[in-house]
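For reference, the structure is listed below as structure tokens.
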Amino acid sequence: MQRWDAGKPLPGFYPFTYGYNYLYPFVVGNVIYLQNMDVSQKHCLACGKVLKGRADKKFCDDYCRNNYNNRQNSDQSNYVRNINNTLRRNRRILEEQIPPGEEMKKMPREKLVSEGFNFKYHTHQYTNQKGQVYFFNYDYGYLLLEGDWLLIVKRRSEL
């Protein structure tokens, strides 16, 4: 194998190709190595320390990666967490209203309000053939009746 001469370009390596300005060849024995000449250092996105290792590394350790991702998602996750808590509370309140062994119960709206039920949030709606709209929180729902009365129902499991 021939040694590479420092005055000649590498075979198949042309100065106008992509990456030529960023790579610097050097020779150890008969082996040609390419060293990255990019002098800008990368820093950890969380703490700002200089990164060592892989070229695509973004964080210095798992703690920084978790910390960064938790900060990125904190605003949105608080909003989603609050809504999920409200949905679970609504489901629990509906579940407590139906006696064991039964699938429905009629009750006044004020009783749910006094327990802390929030009518603004529900997971889905169901419209029956009569056109009545049931509002569900997961598998428990309610139908608005006349005179501020509600019919609480439990959906039959289809699993």
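Any read-out appearing in this document is the output of simple, stated calculations on the displayed coordinates, not a laboratory observation. Keep in mind that what you see is a predicted model, and the values were worked out from it rather than measured. All Cβ positions, glycine included, derive from the backbone under ideal geometry; neighbour counts span all protein chains shown.
A few notes on this one:
- Gain in span if fully extended, ILE83 to GLN132, counting 0.36 nm per residue against the direct Cα distance: 15.1 nm
- Summary of the geometry: the range 47-95 and the range 106-159, compared by the centres of their Cα atoms, lie 33 Å apart.
- Fewest-first sequence of THR123, THR86 by Cβ atoms within 10 Å of each Cβ: THR123, THR86
- Remark: spin-label model distance MET107-ASP56 equals 5.5 nm, labels positioned 7 Å along the Cα→Cβ axis.
- Inter-label distance for ASP148 and ASN73, nm, one decimal - labels placed 7 Å from Cα along Cα-to-Cβ: 4.3
- Annotation: amide H of LEU150 within the under-5 Å range of MET107, ARG109, LEU145, sequence separation 5 or more or interchain, hydrogens built in the peptide plane.
- Since only MET107, VAL153, ASN90 are under comparison, the one whose Cα sits farthest along the positive direction of the charge dipole of the range 86-159, derived from C-beta charges on Lys, Arg, Asp and Glu, is ASN90.
- Using the Cβ-Cβ distance between GLU96 and GLN125 with R0 set to 22 Å, the FRET efficiency works out to roughly 0.50.
- Multiplying the residue separation of GLU115 and LEU45 by 0.36 nm and subtracting their alpha-carbon distance yields 20.6 nm.
- Sequence-ordered 3J(HN,Hα) estimates for the range 98-111 from the Karplus curve with 6.51, -1.76 and 1.60 and θ = phi - 60° stand at 8, x, x, x, 10, 10, 7, 7, 9, 7, x, 4, 4, 5 Hz, glycine and proline given as x.
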